[in-house]
Amino acid sequence: MNTPRAVDIIEKRVAYQGYFRIDRYWLRHELFGGGMSKPLEREVFERGHAVGLLPYDPVRDIVVMIEQFRVGAYAAGFDPWMIEIVAGIVEDGETPEDVARRESREEANLSLTDLIPMCRYIASPGGASESVRLFLGRVDASNAGGIHGLDHEDEDIRVDAMPWPDARRLLDEGRLTNALSIIALQWLALHRDEVRAKWR
């Protein structure tokens, strides 16, 4: 059986434009059993495309995590001060690698000396267009810490350098509640030995 491929966009309009944008689609798509679906009305949250970065010091075996307030977590009933990895949105003219380096400086005051791509995924395919590229970034974490972020973006970001076993414990105990951080730390758990061998 062939996988359906056809999508027929009947109409598309901007339903909301504020800090983010929501587009409304009227569409039909090909069905597994053949033919096309009935016309569907769907909204899509247009947030842009993101880059996540896990800063890692392979010599000291330390990962650098950040903590900041997240209104979406608050609205969902989670602790809104989330432990996360560095992340940012791709701006016009930027590569994902550019974003990783920029956000590492802005959010954690760290310079990257090397990057390893981890993966790319779509964050919430049922209703958002946002894709995420994840990287592992090599850093010197000897002076990592403090409070950082950009004033004009109202960022208030605490930086925490933690030994790998402590970060692994956060993962194993279910204390991380955002996909970027969970996926990045799981990737490092799988590839840590080869990364340390490569970067030492």
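Side notes on the structure shown:
- Look at (1) part of a helix (DSSP H, G or I); (2) touching a Phe, Trp or Tyr at 6+ places or on another chain (Cβ under 8 Å); (3) farther than 24 Å from Phe69 by Cα; (4) not acidic (Asp, Glu) and you find that Ala189 fails only one, number (2).
- All strands (runs of 3 or more DSSP E) inside region 1-101 with 3 or more residues being farther than 30 Å from Ala144 by Cα: 7-17, 21-29, 40-46
- Qualifying residue in region 146-164 (condition: part of a helix (DSSP H, G or I) and under 17 Å from Ile62 (Cβ atoms)): yes
- Looking only at region 120-142, residues that are over 23 Å from Ala161 (Cα atoms), open to solvent by 40 Å² or more (accessible area, probe 1.4 Å) and touching a helix residue (DSSP H, G or I) at 6+ places or on another chain (Cβ under 8 Å) come to 2 in all.
- Some residue of region 5-18 being in contact with a Lys or Arg (Cβ under 6 Å, 6 or more places away or on another chain), of a type outside the set (Asp, Glu) and open to solvent by less than 60 Å² (accessible area, probe 1.4 Å): yes
- Every pair of residues 6+ apart whose Cβ atoms lie under 9 Å, when the first sits in region 1-22 and is without any contact (Cβ under 8 Å) to a residue 60 or more places away in the chain while the second is open to solvent by 60 Å² or more (accessible area, probe 1.4 Å) and among the small types (Gly, Ala, Ser): Met1/Gly33
- Gly149 being surrounded by fewer than 19 Cβ atoms within 10 Å (Cβ to Cβ), closer than 18 Å to Met82 by Cα and under 19 Å from the mean Cα position of the chain (by Cα): yes
- Residues of region 90-121 satisfying the condition of being within 19 Å of Ser142 (Cα to Cα) and of a type in the set (Ser, Thr, Tyr): Ser104, Ser111, Thr113
- Every listed requirement among (1) outside any loop (DSSP other than H, G, I, E, B); (2) farther than 23 Å from Val159 by Cβ is met by Ser124 save one, (1).
- Of all the residues in region 82-97, those that are open to solvent by 30 Å² or more (accessible area, probe 1.4 Å), touching a helix residue (DSSP H, G or I) at 6+ places or on another chain (Cβ under 6 Å) and closer than 19 Å to Val195 by Cβ number 0.
- Once region 19-45 is narrowed to residues that are of a type outside the set (A, V, I, L, M, F, W, C) and surrounded by 15 or more Cβ atoms within 10 Å (Cβ to Cβ), the residue that is nearest to Ala87 (Cα to Cα) is Arg21.
- Among the residues of region 163-200, those identified as open to solvent by 20 Å² or more (accessible area, probe 1.4 Å) and hydrophobic (A, V, I, L, M, F, W, C) are Leu171, Ala179, Leu180, Ile182, Ile183, Trp187, Ala189, Leu190, Ala197.
- Checked against the criterion of being of a type in the set (Gly, Ala, Ser), farther than 16 Å from Val63 by Cβ, open to solvent by less than 20 Å² (accessible area, probe 1.4 Å) and under 17 Å from the mean Cα position of the chain (by Cα), region 98-117 has no qualifying residue.
The values are calculated or read from the model by the stated rules, or taken from the named source; none is laboratory data. Keep in mind it's a predicted model, so treat the numbers as computed, not measured. Neighbour counts run over all protein chains shown; Cβ positions are idealised from the backbone, glycine included. Only protein heavy atoms, including side chains, enter the accessible area calculation; ligands, DNA and RNA are left aside. Shrake-Rupley method; radii C 1.70, N 1.55, O 1.52, S 1.80 Å.
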